[in-house]
Each structure stands twice: as structure tokens, then as C-alpha cells.
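Undergrad: Dropping the structure in here first, questions after.
Read-outs: derived from the displayed coordinates by stated rules, not from any lab. Given the structure is predicted, the values throughout are model-derived calculations rather than measurements. All Cβ positions, glycine included, derive from the backbone under ideal geometry; neighbour counts span all protein chains shown.
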Amino acid sequence: MNKNKERLLALGLMAALFLVGAVCYAAFPPGEPIRVLLDFGGGAGKIMFEHQEHHADFDLACLDCHHTAEDETDEMQKCGACHLAKPSKDSEVPSRKDSFHAQCIGCHEDMGLELECTDCHGN
């Protein structure tokens, strides 16, 4: 086999593998995350949030936390899209830290669960 045929074969094989990868990616989109790393942007640090546990085990709907979505079929925005680590002083949107604390602690209190700071920040 001469060099041109080898190059053509290699190029064809690369194209076929790329096509198979693209089709597989499109056919099997990623599902909801199991864990989400919450980053407050400083202070007490990052928290590993068990998304699957809260969503499935506690039967929470997506809209219980993702409050900007119209319904369950909308794409869910990440909290940091609106809730900044350090918003401007005149911002009406709470900071990421304040919104997480209000959402998470408030929900746990509504369920009658007591939380210590280290329950989340100690992980």
C-alpha cells in the first residue's frame, strides 16, 4: 500500500470514528447530575450537593429550586446565572451565598430538620 492510500484510509477511519462519536453523543444525552458542586465564591467554601438525593429521594420537583423555569420542560438554569458571588451593591438579586442559605436552610426548617453549619460545609 502506498503512502497516499494509507493516509486516505487513516483519514476515512478518523472521519468514521468522529461520526460514530457524534451520533452516540446525540443519541444518549447526559441526564440530570447526581452531584453538583456549589461554589459560594469564598468564605466557608464549596459544598457537594447531592442532587439525585434531593430530587428523587425527597420527591422535590425541579421548580422547587429552579424558580426561573416556567415548567418542568424548560432548561434549568444554574443558580450562578443570576445569583452572583459578589453582586453589585444596588442589585435586587440576592448573592449566591444568601440565596443558597435561604433556599437550603429554609427548606430543611420547613421539613422540621435541624442543620448545623458543618452538616453542609464540613464535607
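Undergrad: If the only charges are +1 at each Lys and Arg Cβ and -1 at each Asp and Glu Cβ, what is the size of the charge dipole of the chain around the Cα centre, to the nearest 20 debye?
TA: Using Cβ point charges on Lys, Arg, Asp and Glu, the chain gives about 1400 debye.
Undergrad: Here's a follow-up. Want the number for Leu17 to His67: 0.36 nm per residue separation, take away the alpha-carbon distance, what's left?
TA: Gain on extension, Leu17 to His67, equals 13.9 nm.
Undergrad: Under the Karplus relation 6.51 cos²θ - 1.76 cosθ + 1.60, θ = phi - 60°, what is the ordered set of whole-Hz ³J(HN,Hα) values for segment 75-85, x standing for Gly and Pro?
TA: Each residue of segment 75-85 in turn: 6, 7, 7, 6, 4, x, 5, 10, 8, 7, 5 Hz.
Undergrad: Return the lysines within reach of Lys89: Cα separation strictly under 19 angstrom, same-chain partners fewer than 8 residues apart disregarded; answer none if there are no such residues.
TA: The qualifying lysines are Lys97.
Undergrad: Compute the whole-percent fraction of alpha carbon pairs in the chain spaced more than 22 Å apart.
TA: Everything past 22 Å amounts to 53 percent.
Undergrad: Would you compute, from DSSP H runs of 4+ residues alone, the mean residue ellipticity of the chain at 222 nm, taking -39500 (n - 2.57) per run and dividing by the full residue count, rounded to the nearest 500?
TA: One gets -10000 deg cm²/dmol as the mean residue ellipticity at 222 nm.
Undergrad: A follow-up question, please. Of Cys120, Ala26, Leu13, which is farthest on the positive side of the dipole of the chain, counting Cα position, with +1 on Lys and Arg Cβ, -1 on Asp and Glu Cβ, and the Cα centre as origin?
TA: Toward the positive end, the furthest listed residue is Leu13.
Undergrad: How far is helix 3-27 tilted off the main Cα axis of the chain, in degrees rounded to 10, range 0 to 90?
TA: Taking Cα atoms only, the helix is inclined about 30 degrees.
Undergrad: Let me check against my output: what whole-number percent is the relative contact order of the chain, with C-alpha pairs under 8 Å and at least 6 apart?
TA: Normalised by residue count, the contact order of the chain is 16 percent.
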